[in-house]
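Following: one structure in structure tokens, then a few remarks.
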Amino acid sequence: MRILIIGAGAIGALFAYFLHRSGQQVVMLERNTEKVESIKKGGLHIEGISGEGIIPVEISSRPSRVGEVDLVMLCVKAYDTEHALLETVPFLHKDTLVLTVQNGLGNVEKIAQAVGWENTLGGITAHGATDLGSGKIRHAGKGETIIGALSQIRRTRAEDIARIFNDAGIETSVTDDVQGMVWSKVVINAAINPLTAILRLKNGELLHYPEVRETMQEIVEEAVAVTKAKGIHLKWLDPVAQTERVCQATEKNYSSMLQDILSHKRTEIDFINGAIVHEGKALGIPAPVNNALTHLVKAIESLAIEKQKIVYH
């Protein structure tokens, strides 16, 4: 299978590494030309819980040079989803499937609008990875990957992709409840990501402080109230306990939001905690803790702009 991975960050590079190593035809698309050149010259480097290795991989910054692919994996930040689709969709054929393993809400809907519901796959992954720069990543935590088709006519192809992922060492299962799966990940991200970003802690360190654990519980409870009002069924019966299990499983990982803060980059807070607040308001359900965290993280972003003259692109 020829697979295009859009975004050469931590998760995109991790999937590219495992899929290429298993014999799949992988090509990467990344708009950061410096990173593209680094990977072209030195390949993808991995270290951490999966050992160390280097593989060469095809990579470009120009969608027109990619050629036809069977599967597109969208691994860019949620705020870059529309831009990535605008650049890529004109070069896809009618049977190409597009899979998101991104954080946050709204990505699945944007993809479906661009390529059609029948060609859209939703997905989440619990793998933790840190982008060390120049095509180097640290694999810091393992977890299940779950994917699902929006249209039943594509379930068989979703199962085929899951088999390919499993053969590559990426533990993957298929679900028929894409919305429940995405919200299940958002609830956990909402509790872990902003707290690690604000407190500058690794995932596992959140569990060391009773006050932080209590705040995590409050975040999750607010989010669960919204999901219940929307009629969404979460994957786990006890989302608070599952959040703590994820912290333990990825204890040495720096969350993606903390990585963004440390790199003075824009975060995905609007698509995680901010989205919970937005959905709650529409239903008349308050989410004050999620709202406060959204404001705090956005304030940190603003301070970075003021102090370091950072311009987002």
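Computed from the coordinates by the stated procedures, all read-outs in this text should not be read as laboratory data. In this text the structure is predicted, and so the values were computed from the model without any measurement. Counting neighbours? That spans all protein chains shown, and the Cβs are built from the backbone with ideal geometry, glycine included.
Computed about the Cα centre, the dipole magnitude for segment 237-280 is approximately 200 debye when only Lys and Arg (+1) and Asp and Glu (-1) carry charge, each at its Cβ. Principal axis extents of the Cα atoms in the chain, from largest to smallest and rounded to whole angstrom, are 49, 45, 34. Looking at segment 57-139, the GluC sites (Glu not before Pro) that sit in a DSSP loop and have at most 14 other Cβ atoms within 10 Å of their own Cβ are E68.
Label sites at H233 and E47, each approximated as a point 7 angstrom past Cα along Cα to Cβ, lie 4.5 nm apart.
Total Lys pairs in segment 2-176 closer than 17 Å by alpha-carbon, pairs eight or more apart in sequence or interchain only? Counting lysine pairs in segment 2-176 gives 5. Here's the picture: charge each Lys and Arg Cβ at +1 and each Asp and Glu Cβ at -1 in the chain, and of T215, L132, V187 the one pushed furthest to the positive end of that dipole is L132. For segment 2-176, the Kirkwood radius over C-alpha pairs fed into Stokes-Einstein at 4 °C and 1.567 mPa s yields D = 81 µm² per second. Is segment 180-306 rounded, prolate or oblate when judged by the Cα gyration tensor, a ≥ b ≥ c being the square roots of its eigenvalues, rounded requiring a/c under 1.5 and prolate requiring a/b larger than b/c? In terms of gyration-tensor shape, oblate. Could you estimate the translational diffusion coefficient of segment 60-119 from the Stokes-Einstein equation, with Rh from the Kirkwood formula over C-alpha pairs, at 10 °C and 1.306 mPa s, in whole µm²/s? Reported coefficient: 136 µm²/s.
Taking label positions 7 Å along the Cα-Cβ direction at both R65 and H208, the computed distance is 4.5 nm, reported to one decimal. Taking the charge dipole of segment 2-176 about its Cα centre, with +1 at Lys and Arg Cβ atoms and -1 at Asp and Glu Cβ atoms, the residue from I54, V26, A84 reaching farthest to the positive side is I54.
Projected label points at E251 and I54, each 7 Å from Cα along the beta carbon direction, are separated by 3.2 nanometres.
Here the dipole of segment 176-229 is about 220 debye; that uses its Cα centre as origin and unit charges on the Cβ of Lys and Arg (positive) and Asp and Glu (negative).
Using the Cα gyration tensor of segment 236-308, with a ≥ b ≥ c the square roots of its eigenvalues, what is the shape: rounded (a/c below 1.5), prolate (a/b larger than b/c) or oblate (neither)? Taking the square roots of the gyration eigenvalues as a ≥ b ≥ c, segment 236-308 is oblate.
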